[in-house]
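For reference, the structure is listed below as structure tokens.
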Amino acid sequence: EDTIVTDSYEIIENSGGGQALNITLKAPPGEERYFLKQDVISDIVEMQEELTSLTDVLDLLSFYTILEQINGVLFQEEGLPERVGLVMLLARYFKLMGDRDITYAADADFVNDDYSQVTFFLKVQDGNTGGAIADREILYLVESVERAVNNSLSSDVNSYIWGNTVL
């Protein structure tokens, strides 16, 4: 019944979720353009599907989901393009838009200049209650996110889970 708790639940209910959980991936050392490689993109798609299937994940926003949207608008195709050239073209469009202008969090860009680092922004809430995730549930969610990342990506990729929810 504490005011801060009830107010937090009110915000979450009226905004469709209010907690952030972010994942930053870093390529193996010296691997520029790593996250534009077709096999890596396939792994990323698998990871995103596993993440969005988690009960507590409401939404996921990333460089790749934005590329999917651009692909849909420009070419009326669902998902990421399968041709490397088209991925490169869409990545250039993304850079021309200036990812700093569409950064989702003040602490990170969707992708860095040489595509050796990408960040995924998850919007989360307790999938069973619709309220805030707290205490042990946060730990379980972080473990599930780590599992999804580890199941999908090469062990050479470093991952960092961060955000208000983790804090």
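Rounded to the nearest 10 degrees, what's the angle between the helix 38-52 long axis and the longest principal axis of the chain, both from Cα atoms, 0 to 90?
Relative to the chain, helix 38-52 is tipped by roughly 20 degrees.
With angles folded into 0 to 90 degrees, how steeply does helix 63-75 sit against the dominant principal axis of the chain? Use alpha carbons for both and round to 10.
Taking the Cα atoms of the chain, the angle to 63-75 is about 60 degrees.
Could you check the spin-label model distance between residue 135 and residue 89? Points 7 Å from the Cα along Cα→Cβ, value in nm.
According to this spin-label approximation, the distance is 5.4 nm.
So what's the angle, to the nearest 10 degrees on a 0 to 90 scale, between helix 84-97 and the longest Cα principal axis of the chain?
60
Quick one: pull the percentage of alpha-carbon pairs in the range 112-167 with a separation above 12 Å.
Counting every Cα pair in the range 112-167, those more than 12 Å apart make up 72 percent.
Once the piece of chain linking residue 39 and residue 147 is laid out straight, how much longer is it, given 0.36 nm per residue of separation minus the C-alpha distance between them?
Result for the pair: 36.9 nm of gain on full extension.
Treating only the Cβ atoms of Lys and Arg (+1) and Asp and Glu (-1) as charged, compute the dipole magnitude of the chain about its Cα centre; round to the nearest 20 debye.
620
Using just the Cα positions, wrap the chain in a convex hull and report its mean projected area in square nanometres, one decimal place.
Across all orientations, the chain yields a mean hull projection of 10.5 nm².
So who's got an amide H within less than 5 Å of the one on residue 110, skipping anything under 5 residues away but keeping other chains? H placed 1.01 Å off N, in plane.
Here 104 satisfy the definition.
Could you please report the charge total around residue 143, scoring K, R as +1 and D, E as -1 over all other residues with beta-carbon less than 12 angstrom from its beta-carbon?
Local net charge: -1.
None of the figures in this text is laboratory data; all of them are computed from the coordinates on show. Remember, it's a predicted structure, so these values are computed and weren't measured experimentally. Here Cβ is always computed from backbone atoms with ideal geometry, including for glycine, and neighbour counts include all displayed protein chains.
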